[in-house]
């Protein structure tokens, strides 16, 4: 079996008919592996992507399997770039994996595993992996211990007791009355009929988008979603997360609508939208996948979410669908529709030391690393840019641009005065990058210079480079363990990284050294307020 690596959108576009033929032949292929989803996702993806494409031999014209992957290149705490692979479509897709012609299943999967091993990466994220146990075992067995570590990844706990490894779906009977009597109990059946009657009479109505309205309809849905979820997600995870999710939703809903793969009923009260439900249409598997919903939180009757789910179920039955898939999370409302469970997990395969083999970059990521090295130079991060260039030259000694940039960086570094007073002067004037360069020059000459080590950590913290700051401040604490300010600043970095337990320990250390340290006391209390379970755990 021969495997090609495709990383050109033009080539991928030419493979549409081949992809769709494999997709329809594969009994395990589901919507998130369809051409519509993968092509739409990769078009807007903010990182590199590749597709492993398998065919019987190099001379064959058609591929018999596809494995879409995201190639991520990240700056690590050791001051080097490393690579990670993530299944295509994730983290956003409900299900991920690979597709293959079942006649070649074993050979294709083994070829995918073999080629994946040959790529340079530290971690392979199999998020929401959807494959039969036989297929999954065949793939994972090619990553044996002790060279690799395979582990189940626990999903983030939203604090609401919901298990997101549980996916809930509803098997649809052949007619609406059968659904009402076979899937719903008497109370739910009465509520369903009453809600639909109210939603379809008088001042209420349900419509679907047209090409003229789809843009506005999607924006209205996203606005509902933002009002309900954005603040919670921003506070719990990252302020940018909900808006990144909204951009992803916007892009994928438009792609799916264009390919007749989106069902978007809208509940109106007069001239106002009061609820919208987005479901993906999996024509191949006769499945309707509930992706996203939003509603006016001030409207209680008729309940918009309940009405629109019922409308989707009825539409699905009328159009011959077999499953209404409510996807991740065992939310109680899903069982009101007669939901049944299945488990979909997130797995991760890591190299033994969770670093790229031999520290070598994946060659496909070299253009990304060089671009970032140039950006580091522009930001004044000369030391980091130097390390990036050396990583490139380690695997490609003839890379002319990296060689040229490295010479420029060496000349710039020699021009930097290794003087602490000069560094502090830059720092006090707000020239933080210039200060950083001098601190690094001092440490090159005197690696255990305590002041330079600490102040470099502060400079990194001020630039919001929290991982690097935490690492640097930890080194500084190693030299001066009894300085409260060092523990406090490391606590700030840990807090920004979401490592609240460690942050609390750092603030406690600062307070132990300086009991009246008001800033540390404030940050300690803020952690206990936002994550009270940490305080409980520490007291047990």
## Note on the structure
Scanning segment 180-201 for residues that are surrounded by fewer than 18 Cβ atoms within 10 Å (Cβ to Cβ) and farther than 22 Å from residue 323 by Cβ gives 186, 187, 190, 191, 193, 194, 197, 198, 200, 201
### Subset of segment 258-272 (residues that are under 17 Å from residue 309 (Cβ atoms) and outside any strand (DSSP E or B))
264, 265
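To keep it simple, each residue is scored yes or no on (1) touching a helix residue (DSSP H, G or I) at 6+ places or on another chain (Cβ under 6 Å); (2) at pLDDT 85 or above; (3) over 27 Å from residue 370 (Cα atoms).
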{"position": "399", "(1), (2), (3)": "yes, yes, no"}
{"position": "409", "(1), (2), (3)": "yes, yes, no"}
{"position": "412", "(1), (2), (3)": "yes, no, no"}
{"position": "416", "(1), (2), (3)": "yes, no, no"}
{"position": "427", "(1), (2), (3)": "yes, yes, yes"}
{"position": "431", "(1), (2), (3)": "no, yes, no"}
{"position": "435", "(1), (2), (3)": "yes, yes, no"}
### Task
Determine, yes or no, whether residue 116 is crowded, with 22+ Cβ neighbours inside 10 Å and either closer than 22 Å to residue 248 by Cβ or at pLDDT 95 or above (or both).
no
### Message
Test of understanding: among 337, 306, 321, which residue is closer than 29 Å to residue 242 by Cα and part of a loop (DSSP other than H, G, I, E, B)?
### Response
337
### Residue count for segment 195-217, restricted to those that are farther than 19 Å from residue 297 by Cβ and part of a helix (DSSP H, G or I)
5
### Message
Which condition from (1) within 23 Å of residue 249 (Cβ to Cβ); (2) at pLDDT 95 or above; (3) surrounded by fewer than 17 Cβ atoms within 10 Å (Cβ to Cβ) is the one that residue 27 breaks?
### Response
(1)
### Candidate set from segment 72-92 (those that are crowded, with 22+ Cβ neighbours inside 10 Å and touching a residue at least 60 places away in the same chain (Cβ under 8 Å)); member that is farthest from residue 386 (Cα to Cα)
83
### Message
If residue 275 satisfies all but one of (1) assigned to a strand (DSSP E or B); (2) touching a helix residue (DSSP H, G or I) at 6+ places or on another chain (Cβ under 6 Å); (3) over 30 Å from residue 203 (Cβ atoms), what's the number of the condition it fails?
### Response
(3)
### Query
Mind checking whether some residue in segment 516-527 is surrounded by fewer than 16 Cβ atoms within 10 Å (Cβ to Cβ), more than 26 Å from the chain's Cα centre (by Cα) and within 23 Å of residue 425 (Cβ to Cβ)?
no
### Query
Is there a residue in segment 229-239 that is surrounded by 14 or more Cβ atoms within 10 Å (Cβ to Cβ), more than 22 Å from residue 93 (Cβ to Cβ) and touching a residue at least 24 places away in the same chain (Cβ under 8 Å)?
no
### Checking residue 348 against (1) in a strand (DSSP E or B); (2) at pLDDT below 90, the condition it does not meet
(2)
### Task
Report yes if some residue within segment 220-228 is surrounded by 12 or more Cβ atoms within 10 Å (Cβ to Cβ) and either without any contact (Cβ under 8 Å) to a residue 12 or more places away in the chain or in a loop (DSSP other than H, G, I, E, B) (or both); otherwise report no.
no
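The values are calculated or read from the model by the stated rules, or taken from the named source; none is laboratory data. No experiment lies behind these values; they were computed from the predicted model shown. Glycine also receives a Cβ, built like all others from the backbone with ideal geometry; neighbour counts cover every protein chain displayed.
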